[in-house]
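Worksheet for the structure shown next.
The values are calculated or read from the model by the stated rules, or taken from the named source; none is laboratory data. Given the structure is predicted, the values throughout are model-derived calculations rather than measurements. Don't worry about glycine lacking a Cβ; one is built from the backbone with ideal geometry, like all the others, and counts go over all protein chains shown.
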Amino acid sequence: MSEIAVRNRESGSRSEESGANGEPSAAASVGDAEVRSTQYSVRSTTAAEATSSRITSISQPHSALRTPHSALAPAKSSATLLSARDLIKSYRKGKLVVPVLKGVDVQVREGEMTAVVGQSGCGKSTLLHLLGTLDAPDAGEIHFDGNRIDNLPARSRDVLRNEYFGMIFQFYHLLPELSTLENVLAPIMIRYGVIGYWRHKREHSERAKELLDLVGLSHRLTHKPRELSGGEMQRAAIARALIADPKLLLADEPTGNLDQKTGGEILTLLKTLNREQGLTIVMVTHDQAIAKQADRVVRLVEGKVAG
């Protein structure tokens with residue numbers, strides 16, 4: 001079994017675990033850190049390197065983003081990026097034990113868009129939180145890029161969420177006191193710390209503006225969340241999830257709070273990111289019409305994957 005060890009090189013960095021309600025902490029990341037494994041080795045880049053790394057340019061005008069061109073899509077990979085085996089999870093309410101997941105197996109291939117569907121209470125969001133290391137299973141294993149991640153120490157999980165996973169949620173989780181641009185930059189500020197961020201502020205800001213233009217919010221840079229519509233807040237959350245150039249995007253009901261038209265625009269944007277940029281996406285949804293547009297559908301029924 002491979003082991004991921006994380007060496008923090010910035011003494012001022014901090015880490016926080018997710019709350020008891022399963023929602024992510026706003027500061028779930030670390031500073032300049034190193035992730036080593038017997039199967040892969042990834043070094044967190046310097047601020048300047050991070051700014052220039054893997055910024056995918058799109059030659060079409062912004063309107064083209066709403067019409068995915070499958071001919072431009074990279075070939076789907078057969079390699080497994082994320083997998084879960086025999087996941088079991090229960091919650092306690094006093095003396096009462098409520099089983100949620102009862103032995104779930106999931107595999108996600110690189111470059112694939114996977115939809116997790118099921119009735120309310122079947123464990124969809126719980127599964128997503130486990131895959132994103134926001135919570136730990138009672139039993140079972142989760143592997144990412146060939147490495148087990150469910151049993152990692154807190155600091156290692158922080159690195160995964162800050163540098164390799166992008167997360168978007170139904171209720172956005174934007175910080176109300178920050179502007180749209182500042183919300184998108186928040187993960188970078190957390191990663192490098194105040195001094196590291198300010199040394200390359202211009203480069204980081206340009207990267208964030210490119211992403212906000214990508215999601216159609218270039219005219220909302222200075223607006224606070226209270227000044228945005230639901231669809232705009234979700235677009236800002238998507239840009240924030242992409243700022244670290246993640247390998248995996250986890251989305252929990254990203255269209256759940258939106259009207260049909262706006263929800264359709266968000267779905268189209270996610271499909272574009274998947275097809276044109278090869279971003280691997282795992283999306284929880286209760287909408288069967290949305291699920292049908294994914295490459296693969298995982299159906300949960302009473303805490304188990306239905307055949």
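At-a-glance table
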read-out	value
Residue match in segment 287-305 (condition: surrounded by 20 or more Cβ atoms within 10 Å (Cβ to Cβ) and among the polar types (S, T, N, Q))	no
Residue tally, condition closer than 13 Å to residue 115 by Cβ and more than 16 Å from the chain's Cα centre (by Cα), over segment 267-304	15
Residue selected from segment 257-286 under the condition part of a helix (DSSP H, G or I) and charged (D, E, K, R), by the criterion surrounded by the fewest Cβ atoms within 10 Å (Cβ to Cβ)	261
Residue ranges of strands (runs of 3 or more DSSP E) in segment 99-198 with at least 1 members among the hydroxyl-bearing types (Ser, Thr, Tyr) and under 22 Å from residue 258 (Cβ atoms)	113-117
Total residues in segment 203-231, condition part of a helix (DSSP H, G or I) and free of Cβ contacts under 8 Å to residues at least 24 places away in the same chain	1
Answer residue from segment 215-242, given it is of a type in the set (Lys, Arg) and touching a helix residue (DSSP H, G or I) at 6+ places or on another chain (Cβ under 6 Å) and is farthest from residue 182 (Cα to Cα) among those	220
Evaluation of residue 245 against (1) closer than 28 Å to residue 159 by Cβ; (2) charged (D, E, K, R); (3) part of a helix (DSSP H, G or I) (one fails), failing number	(3)
Residue 125 under 17 Å from the mean Cα position of the chain (by Cα), among the small types (Gly, Ala, Ser), under 18 Å from residue 108 (Cβ atoms) and surrounded by fewer than 24 Cβ atoms within 10 Å (Cβ to Cβ)	yes
Residue in segment 189-197 that is at pLDDT below 90, touching a strand residue (DSSP E or B) at 6+ places or on another chain (Cβ under 7 Å) and among the charged types (D, E, K, R) present	no
Any hit, segment 247-264, residues being at pLDDT 90 or above and of a type in the set (Ser, Thr, Tyr)	no
